[in-house]
Every structure is written in C-alpha cells, then in structure tokens.
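The values are calculated or read from the model by the stated rules, or taken from the named source; none is laboratory data. Nothing here was measured: the structure is a model prediction, and the numbers come from that model. Here the Cβ is made from the backbone with ideal geometry for all residues, glycine too, and neighbour counts use every protein chain on show.
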There are 10 protein chains.
Amino acid sequence: MLKNIPHCISPNLLKILMEMGHGDEIVIADGNFPAASHAQNLIRLDGLHIPEILEAILTLMPLDTCADSSVFYMMHGPETSAPPIWKKYEEILQTTDNQTVTPSKLERFRFYEQAKQAYAIIATSEQALYANIILKKGVIT
Amino acid sequence: MLKNIPHCISPNLLKILMEMGHGDEIVIADGNFPAASHAQNLIRLDGLHIPEILEAILTLMPLDTCADSSVFYMMHGPETSAPPIWKKYEEILQTTDNQTVTPSKLERFRFYEQAKQAYAIIATSEQALYANIILKKGVIT
Amino acid sequence: MLKNIPHCISPNLLKILMEMGHGDEIVIADGNFPAASHAQNLIRLDGLHIPEILEAILTLMPLDTCADSSVFYMMHGPETSAPPIWKKYEEILQTTDNQTVTPSKLERFRFYEQAKQAYAIIATSEQALYANIILKKGVIT
Amino acid sequence: MLKNIPHCISPNLLKILMEMGHGDEIVIADGNFPAASHAQNLIRLDGLHIPEILEAILTLMPLDTCADSSVFYMMHGPETSAPPIWKKYEEILQTTDNQTVTPSKLERFRFYEQAKQAYAIIATSEQALYANIILKKGVIT
Amino acid sequence: MLKNIPHCISPNLLKILMEMGHGDEIVIADGNFPAASHAQNLIRLDGLHIPEILEAILTLMPLDTCADSSVFYMMHGPETSAPPIWKKYEEILQTTDNQTVTPSKLERFRFYEQAKQAYAIIATSEQALYANIILKKGVIT
Amino acid sequence: MLKNIPHCISPNLLKILMEMGHGDEIVIADGNFPAASHAQNLIRLDGLHIPEILEAILTLMPLDTCADSSVFYMMHGPETSAPPIWKKYEEILQTTDNQTVTPSKLERFRFYEQAKQAYAIIATSEQALYANIILKKGVIT
Amino acid sequence: MLKNIPHCISPNLLKILMEMGHGDEIVIADGNFPAASHAQNLIRLDGLHIPEILEAILTLMPLDTCADSSVFYMMHGPETSAPPIWKKYEEILQTTDNQTVTPSKLERFRFYEQAKQAYAIIATSEQALYANIILKKGVIT
Amino acid sequence: MLKNIPHCISPNLLKILMEMGHGDEIVIADGNFPAASHAQNLIRLDGLHIPEILEAILTLMPLDTCADSSVFYMMHGPETSAPPIWKKYEEILQTTDNQTVTPSKLERFRFYEQAKQAYAIIATSEQALYANIILKKGVIT
Amino acid sequence: MLKNIPHCISPNLLKILMEMGHGDEIVIADGNFPAASHAQNLIRLDGLHIPEILEAILTLMPLDTCADSSVFYMMHGPETSAPPIWKKYEEILQTTDNQTVTPSKLERFRFYEQAKQAYAIIATSEQALYANIILKKGVIT
Amino acid sequence: MLKNIPHCISPNLLKILMEMGHGDEIVIADGNFPAASHAQNLIRLDGLHIPEILEAILTLMPLDTCADSSVFYMMHGPETSAPPIWKKYEEILQTTDNQTVTPSKLERFRFYEQAKQAYAIIATSEQALYANIILKKGVIT
C-alpha cells in the first residue's frame, strides 16, 4: 500500500498503467470475459467489480482526448435503453475530469479483437450485463 | 469463474489451496504485512478484506484437527480484550464446521518467521488492527 | 484436495477451467490424440477415462448456450449408429443441467484445427473409439 | 501411449523413473500428503490410487536389494494389526519379483524428512489410511 | 535404466515418444542432417547409428496404418537400386510387426520441410548415405 | 507517467515500493555503491541524485514509527560535523511529515550487510560523500 | 560508473548501444510515448530529459552517414516554425561532429511503426512537445 | 581449452559449429555489422579479427561442395579490384582443403537477409572494409 | 559433427569439457549411477559404454599431473583382483599420454559425494561392474 | 563498437564493469583457470591475453585506494624472482594512474576462494604462468 493509491490497484496494475503511453489501451473485463486467452498482459482482480476499478484508474490515468474514442463498450442488442452499468460508468467519467468523453460501442467479436491488441486486460468478478469496457490512455502534460 | 467457487478466490489461489496438504500453512495478511519479502508463494488480492477471504477458504479447505493449533493470530499487546476482527474470525469459524478450533497467538517476529515457512501468503487490503492470520490445512476424508 | 472438488480434477486443470471465459474451448482427448503437439495448454490425466472427467468438469463449468454448438465430437465414418461412448456423453449431459445441448460433429482434421485453437487440451488414457470431445464454456450468472 | 507401458504412467513419470539410479527414492503419496511443499520433482496423478501405480512402477523399476530397506511406510499408531492397504502392497510386492522385501516404518515427521530428500513425489488421490510409501530403486543387470 | 526399455532410448526420447499421438512424426537423422536448425524438439543420440534406434523405437511405438505412408526416406538420385541402409530398415520393419509398410521417398528439400513440422528430430552419428528417415506414429488399441 | 506520481519514480520502483510492507527496507545508494552485487531487487535510476528520489519516495511511503530507527546513514569518520547531504535529507524529512525521525549511523560494512537484507536497492548517480541511506517502511492507516 | 561514461547512460543502455551495428536504430521517447508496447528492447530513464541523453549518446555513438537520414522526428502539424526542442537537438548535433545531418520528419503512426522496428526504445520523462527522436547508428572506423 | 582446438574458438562457438548440419550457414561479421539485431544465435568474439577465426573454423568444419556457393561476401561497389581482405580469405581457403570454392557476392541488404536466416552470427572487432563473410557447412564423410 | 572430434562426444559434452579448467572434475557414470540426482551438469550418452567415451575424452582433455590423483574409481569389495573394466581403463590411459597416472579408489558413498562436487556427470549405459570413474582436468600448455 | 571503448571490451563486460561498485572484484583468468565452475558472472574472451584486457579495463575502471590491496596475484612457488607477466602488469599499472598499487599474493586455493566471491570472472586464452589477477574497483569522484 502507498499513500493516495486506491486499495484496489495492485502493484502490478499500477506498474502496467504507468508503462502505458499515449494511445495504449486497457480492458476492464467482467467475470465471464475470456481474459486469459486474449490478454497480452493479464491482471486479475478477482472479487472486485468494474465501477470501483474504473474510478480508481481514472484518478491516475488520463483518457485520450485526441482519438475519436477513448472509451469502448461491448455492444448489446437493439434494445432501446442503455444497460444500467453504462450509466454508472458515465457518472464516474463525469466526476473524473472526463466530461467530454463519448463512448463507442463495438460488436462482441470486434470487441474481442480490439481486446487482443490492448496492452493489458484486467479480469474482475463483475456480473452486470454488458459491463466490459476499454480505456485508451491520453497524455500527461 | 466456476460454479460454487466464491468470487474472491482467484484461479491461482484455488490451485495453491488444492496443492496444499496435511499440515501446510497459508497466511492471510493485512495490507501492511511485508508479504512480498516473506512469501514462498505470493497471492495478491488487493482491494479485498480478510473476513470475506477467510470465509471463502473455509468453505473449500478443512483445518488440521490433529495439530495443537490450526489457526494463529499475530499477538497484540497486554490489552484485556481481543481485537474486534478476531471476533469476526471466530464467528466465521463457528459457521464453517470449525467450532472446536482454539486459535494461538504469536509475537510479531515469531509470526513473521512462521509466515516465511508457510506454503503461501495472501496479500489483502485489510486495514483492521491485528488482522493477520495463519491457517493450517487438515485432511479430506 | 479440496471439499467438493472431484478427485480427477488436478490443481492445474482447476486453474485452467477457472481462467477460461465465455466462448473459450477445452478438449478432452483420448489416449491416441496428438495432444502435446496441438495444445496451447496441456493437462495430462494419464490413467483416467473421458466420461469421469467430463462429468467432473460439468459440475463446475457451464456450457455456452449462446453458440450454435458447445459440444463437438470427432466424426466417425458413415455408419448408421453413434459410437457407444457418445451415448454415455449424452447421459452425462442430461444429468448435469445441459439437457438442451446438441453436439456437432467435425471431420478429423477440422477437429484437429479447432483443438489447436482451444485454450487447453486434456490428455487422457481413454481407449474408446471416437471419444475425443470439445467443450465450449458458457457464462456464470 | 506406448506398447507395454501401463496407462497410469505419465510421460513425465516414466522419464523420472528412468533418470533415477541406484539408491534414489520415489514417494507415492496419498491425497492429503503435502506433496507440493516437499517434492524436489512433483508428479501429479490426480484421480488415481496407489496400488495401481505401485504395481505399474514395479513392472518397470527394480527395488534396491543392497540397502537395509527399499520400501518405507509412514507409521501408524501402536495398533496391533497392519492397515489393510499395506496388505495390498505386500501382495503386489509378491507378484512383482520382490518377495524378499521387508518394509520399514517411519514416524510421520521422519517420513516427511525422507520424502524431502527423495528424487520425486507422486501425488495421488489415494484415500486409504497410512497409504504413503517410499521406494528405493535398485540396479538393472 | 528401466526393465525392458532398450538402452539407446534416453529418458527424454522415451518421454517424447510417449507424448506423441496419432499422426505425429519423428525424424531419425544422420550425422550430417541440420537437426538443430530444423527441430521443434531435438534429441541427441551422438555416437549411435540409426538401425539400432529404429529397432528400439519400433518395439515401443506403432506406425500409422491409416495414413498413405508412415515411413519416409530422403530421396537419392535416379539410381536403379536402393541404398544398402534402406534394406536394413526394411528388415527391421519386417521383424517388428510392420510388414505392410511401404516407405515413401521425398526430395531433399521437401524432406527438410516435413522434418521442420515433425514433433521431434533425433540427431545420430549415422554415416551411411541416404539414411534419414521419418516415422509417423499410429494408435495403441 | 501517471497523475501525481513524481517523474523520477519508475514503474518498477513504484511496484517495489507498493509491494513493501511494515518493516521492509529500501536503500537509496550513491553512484559508487556496489548495488548490483548486494541487491535482492535492483532498481537503476542512473543520472539522478538522491535528494530528489528521497523526496519523491516520501510523498508515497510512510516511515516506520514503531522501530527504533527508520532511517540509516553510512557512517563517516570521527569528524565533528555531519556531511552536507545529511542536512538536505533532514530538511526533506521535515517537509514530508517525518519530523520526529532520528537517523541512525552504521559503519560501512554493517551498512553493506543491512543493504543485503533490504527488499531493494536503488542505484543512483549521486556523487555527494556519505550519501547512502536506508529507509524502513511504516504502515498506512 | 566508469571513467568518461556520462552519468545518464545506464549499464544496460551502454550494452545496447554497443551491440547496435550499422543501420540499427534507437528511439529516445518522451514521457507519453507508448514505449513498453512498441519496444523490442526497453530502457527506462525515468526522471531524465531527452537533450541530456541525446548529447551523452552522441559522444559514444556515430550516426549513419550512408543512409538518406539518420535522425527522425515525429511530425507536428502544419505550423510554420519548428518546435523549440528541435532547435536544441540541432545544437547538440552541431557540437558532436554531426554537422551535416538533416533530420527527417515522420507522421505519428509511421513514426510508431519505425519505432517498433528499432533495436531499442529509451523511455524518458521528457515533457516538451514533439520531442520523440530516432537515431540510426553509423560505423566506427 | 582443449587439445587441438584453436584458442579463438569459444566453448559456445564450438558447440554451435558442431550442431550445424549440411547446408546450415554461419556469418563471421565485422565490428560494425548489426549482429545482435540479425542473429538467431549470437556469438561474440570481441577483440578478434576475421582471418584468424575463419582459419580456425575451417580446420574443424567442411564447406558444402554440393551447393552452388558455400562462401558469400558482402558486395562492395563497382570497383575494379577485390578488397584486400578477400585475398586473405582466399589464401586461407587454399590452405584448408577448400581450393575449389568460388565465393559469391551479395548486395548489402540481401546479405543482411541471408544473415538473418543463418544458424549463427559471430560478432568480431574486424575493421577491414567489406570483410563480412558467410560460410555454408558441408558434410563429414 | 566436426573434423577430428570423436562421434560419441556430443556438442554439449564438448562445450562442458572446454569450459572445465585446472582441477575441475567430470564423472563418467555407469547405467545404474544416480546421475540426475547428483549432477551439477548432466550429460546423457545413453546407449554408449564408458571405455569408448573415456578414450574420446582423453584425446581432447589432459589429466591433472599436479594433483595427488587425477583418476578415481568407485571401490569394490575386499577382492584380490581388480575388476576387468579397470584393466581396459588402464590400457586406454597408457595409449593416451597418461602413462604415469595412478588411480585412487573411493568407497561408494564418498564417491557419490565427490561426484556431487564435480563440474559434470556423463550418464552412460555401461553395465560392467565397478565401472564409474572420475577424471580431474589438467592444464593445456 | 563505440567511440573510445577498447575493442577487447565486449558489451557484456562493459555492462558488468559499470555495474560494479566500490570494493567489488573482478578476476581476469588465464586459459586453464576453472572459470565456469567458480564464476558468479562469467565473461568469455577466448583468443585474447590478459595484458591487453587489463590495460583496457584500467582505462575505464579505477582501483580501490582505500583497501589494503586492490590487485591480487595467484602465488607461485618460493622462487626468487617474480614471473615475467607480473612485470608487464606493473608496467600497465604505472601507465594507467595506478602507480601506488602494491599487489598482494594469494596461495592457489585461497585465490580460488576469493575468485568465487568476485562479481565476475573473465576467461581468457592467456598461457603465461601465474597470470591470474584480481582487481578491486575503486570510486569515481
């Protein structure tokens, strides 16, 4: 543990976040995501849920403001309303200096392909539907 | 994730618990414990607390009923009452078929020495005082 | 050994099953299958047969109910009746909450190709004909 | 699989048995033995029992006829009769050209110490009481 | 050394032969073959010659009777008679239950390509001309 | 780079600091210290000087307030005044919530011995005399 | 530390520079560059800035005078004047026997591609805009 | 050191030369060649020059007499006379039973490509111009 | 294969012999010797016998003429005549410039202890009694 | 190769020299020294002799002026005059700012023990008698 580092950030996750540069991506995956088979670097945070981790990461890591998108969801079907977990994510984005971010949606297997290219995947125990999310790192100025 | 395996048990922790045999010990350490410098096998469960993990482990792993002690606390000073977290531990022991267990107490540096000999140490984010605990595995019959 | 974990599941197999996510596949191969040359992760269970392992895995791992198929056999010739071992497999599927699964059949070399993409292959000592089987993992809800 | 090699002998176990020389020891341990924490080389045969493995090994490996003892049991208490599993072991010894072997008995923690010095430990799922056994390899002439 | 295992089979070669499955191939290469640069698994048997090793392997490993060919030679020129070493090979095949095998011949660089795909290459000190040989493993029934 | 992490802290140093627990020690060594031959974990920060690193570490890591000493210098001779670099260190301690710390001094080879037991050594390019320093980590409450 | 080697050159960087040959490239990247995800060999110099490192490297390593370009910048937009950091780089080139070098400019993602092919990437804490630079090694005569 | 092995042959180079087979190639590269970035197996002989190494290798290793070429130079420009170092190489070939060898010349980047496919590259400190050379191993009969 | 290197010397054995220096020892062990459990470096020459290997090694490696003994046998009982294999060894010593060597004899377990300290052990398939031998390397002048 | 680095210093040796600190030792060993069996870090410079390497190292590395001795020879017998190679060493010391160094002499097996504790051993092809030498690194000020 260190001062001012949220408890859910493991030493290895902190190292990974710090190694990432402009444009590198990290996936925060739900409990059913095939993380081990898709990850270039795998970080396990079993027992934790995505909103807590998302909030902790965003206190440390800026999102990319140059790219078209710096947040990606895994698409759900043609339903009319967004899944409840996305609402939580947007509240967290609002409170962490990322008010202008507009998340993109990716079809399941395109999401898997993009996850394979990401610098790291965090495996969580999240059980909410459609909870997988990709973040693209921005720059520290 | 698998059916009937508590979410806070990571794949690697489950493998470690299963590899352990009669008399092998595992430490569940608080957030300030020097886990990396003392562990033969290190398992990190950042963001989690000990009671949840203790309960999950005891649903899977029996304690040693042959040994003098199969639960060890890190001693606190000459105060009159036990730390609150020990009460929680004893409630958990009661509800997991370990009613007859009488925990032993070890002075800080003797606890460290025993932890070094343990098969594994789990590093948590527990912040309660005097929360470190060692479990000695029993037999499956 | 742990409580409620079937004896034929090794620590490493349990870890592999737990790491697998939605859509990941595992092969349970007979004694003559070229497992070592095709496996990304190889688990050896020499001396054991497939039905016992299949039953044990299905007590822990759900099958994919979204995919067209979540069970694959290696095709046998144009005979009229299914090999006896497939009957056993279907009885096991019936008794493990997988009543609606309809296995697919793959020609030998297509089966080999799919096995190469699987997350893991279990090498057994099964000697029944046409016994190789692939399972696709579903979600824990 | 190979011709004339019993199915319960894994490729790695066969290699280990072949690498062993005159006086090297191998432990066949029951399901509760702390194998991972004591083994210099660990071979897992989950799901199998000791008699089958003992018989298979003795078809391939001679016992040491120069040493005082080439078979060691883990001692049980001061009971009057030997545990049933020892009877099975002695029948197997009789039928594999090892009629003259007289097993020795070691107290639990002395057995553990000798197991630590052994070239390998085989972890099984044996559940019979007092089933642990050490074999000392002899010479091929 | 083990009972009934020919002396020229090393522990590692025995493990490799046992890991191989139906359709996997192994090359027994002469002393000049570029074995280290082509082998996925390299086994060195310096000082030995191919006929002795071929005979030993065939006492343990069946050849593939389903494939068009289960024995491959490296082609020699348009001469009229087969090289003397091939005669020895055929005598060995005759005496090891492989009477029906008809070896195929491969041009040098096609032989090299097939050797690269083989599960293992055994490097020997064979000096006979055109002595390189590939074996395809069959099934144990 | 991450928000609020000083630039001189490398990803690996941050991971090491976070892995350390109560009582673990870290050495910040000058450019001539035999760091590679004494370190259990070696972190190189070539081109940097100790005061900057000390200040950065103390913004993240508390010192041990239970131990007799949590800061150790390498002793200089029987001179009357402390080396100038120690003054800088004490100013930094003052401004980072460590006002009550009283550094201890160790003779050169005792300092080396303690450095060997430390969890990590940071190799810098510091050239000031008597600049080596050991820090003992405290607890996060 | 060694005589005449600038302090900001770490042992590993020196080894890398020495291993490089005619035409091999090295990237000196700013603090936001995705160095870890693009580097074949990664050297971290956290806390340092590019001009100091560039100057140190050029005292040791000649640039390629045969190639069309031996210095590459990451392009900035269609502005009229060069970024201030480029001026510093050109002053350093002037004072290190590289007066005739004419740097080339690469669009961001072409720069990333070329960085992936480089022998090594040095990750710094440089914060100036458009500071990334690639050097192509020449020959020692 | 061993009897009759030239001093400039290191233990690892000797092993590499011995592992090579018919048609495998080895590069002896000058001091500026990008050896580390192109080598599948890298052998460093810093401080030595190519003629001494070439002569030593040819006392141990035959050249390929079946291939069109078994010696390759890196081409120099359209000058009329061969570089002096090639004369030395040809004298060495004359005195080592390789009188009939006719070296081929490869354009710089084709030479680099062929070097990448070679079994090993030896990095020397040779400073003569156009000194790089590739040797293709022949057969021992 | 290389010119003038006996066929029974593998690439790895040649490297080991060359790495050895004045006073380093190598064991040539018979087929029953516990080589894998005693060797710091293990070289397998399955299928070969000791005299051929001894002769080959002595063509390359000098024995130590400073030490009291440079050849060690494993003692046999109080019989009156030396085992036949020792006669062969002495003939080989005579024909390889080692006429003045007087072998020492070591009791079995002292021989094992010395073998553990040796730089390497060669495991052969030798079956002659009392065939184990240790050689101490001398100097090349 | 780099500017101003002597050719006989390999990249790895340069890295090792740079990693060494005050009091660390390096051995430059002759061709018969048992370097591989005694070295914590082994650097091979086959084909080279000690004087050239000694001179190159002393242009880069200062000797320890605090220690009683910073140069150690391996003792020769009770002869009256020093071996010729020691004269060369002393000339080199004179010309490299180490005029005041007085070498110590160590008996052969004490030299071996000290070599085992050294940070690195350089294996050369030196053939002069009594040529082994140990250097103790000083400080860069």
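Computed quantities for the displayed model
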item: Elements of type helices (runs of 4 or more DSSP H) in segment D:34-141, at least 3 residues being of a type in the set (Val, Ile, Thr); result: D:50-60
item: Hits in segment G:122-141 (condition: under 12 Å from the mean Cα position of the chain (by Cα) and either more than 14 Å from chain F (Cβ to nearest Cβ) or within 14 Å of H:PRO34 (Cα to Cα) (or both)); result: G:ASN132, G:ILE133, G:ILE134, G:LEU135, G:LYS136, G:LYS137
item: So J:GLU55, is it of a type outside the set (Val, Ile, Thr), surrounded by 21 or more Cβ atoms within 10 Å (Cβ to Cβ) and touching a residue at least 12 places away in the same chain (Cβ under 8 Å); result: no
item: Test result for A:LEU17, of a type in the set (A, V, I, L, M), within 14 Å of chain G (Cβ to nearest Cβ) and either more than 25 Å from B:ILE9 (Cβ to Cβ) or assigned to a helix (DSSP H, G or I) (or both); result: yes
item: Counted residues, segment D:38-68 - those being closer than 21 Å to D:LEU129 by Cβ and of a type in the set (Gly, Ala, Ser); result: 1
item: Selection status of F:PHE72, within 16 Å of F:ILE133 (Cβ to Cβ) and more than 7 Å from every other protein chain (Cβ to nearest Cβ); result: yes
item: Yes/no for H:ALA29 being within 9 Å of another protein chain (Cβ to nearest Cβ), touching an Asp or Glu at 6+ places or on another chain (Cβ under 9 Å) and closer than 28 Å to E:PHE109 by Cα; result: yes
item: Residues satisfying the stated conditions in segment D:62-105, i.e. touching a Pro at 6+ places or on another chain (Cβ under 6 Å) and of a type in the set (Ser, Thr, Tyr); result: D:TYR73
item: Positions within segment B:32-47 being in contact (Cβ under 8 Å) with a residue 60 or more places away in the chain, touching an Asp or Glu at 6+ places or on another chain (Cβ under 8 Å) and farther than 22 Å from A:ALA123 by Cβ, in sequence order; result: B:PRO34
item: Criterion (within 16 Å of the chain's Cα centre (by Cα), over 30 Å from D:PRO6 (Cα atoms) and away from chain H (no Cβ under 14 Å)) met by exactly one of E:SER104, E:SER81; result: E:SER104
item: So C:ILE28, is it touching a residue at least 60 places away in the same chain (Cβ under 8 Å) and either among the basic types (Lys, Arg) or in a helix (DSSP H, G or I) (or both); result: no
item: Breaking point among (1) farther than 30 Å from D:GLU126 by Cα; (2) away from chain A (no Cβ under 14 Å), for B:ALA67; result: (1)
item: Selection count, segment B:107-122, where residues are crowded, with 18+ Cβ neighbours inside 10 Å and either under 24 Å from B:CYS8 (Cα atoms) or touching a Pro at 6+ places or on another chain (Cβ under 7 Å) (or both); result: 6
item: Selection count, segment G:40-52, where residues are buried (at least 21 other Cβ atoms within 10 Å of the Cβ), of a type in the set (A, V, I, L, M) and closer than 19 Å to G:LYS15 by Cβ; result: 3
item: Of all residues making up segment E:107-131, the number that are under 20 Å from E:ALA82 (Cα atoms), at pLDDT 95 or above and in contact with a Phe, Trp or Tyr (Cβ under 8 Å, 6 or more places away or on another chain); result: 1
item: Qualifying positions in segment B:1-38 - under 16 Å from the mean Cα position of the chain (by Cα) and of a type in the set (Ser, Thr, Tyr); result: B:SER10
item: Criterion (crowded, with 21+ Cβ neighbours inside 10 Å and either more than 29 Å from C:ILE26 (Cβ to Cβ) or out of contact with any helix residue (DSSP H, G or I) (no Cβ under 7 Å at 6 or more places or on another chain) (or both)) met by exactly one of A:SER69, A:SER81, A:SER125, A:SER104; result: A:SER125
item: Which listed residue, of C:HIS49, C:HIS76, is over 25 Å from A:LYS116 (Cα atoms) and modelled with pLDDT under 95; result: C:HIS76
item: Test set (1) among the acidic types (Asp, Glu); (2) buried (at least 21 other Cβ atoms within 10 Å of the Cβ); (3) within 13 Å of the chain's Cα centre (by Cα) - I:GLU90 fails condition number; result: (2)
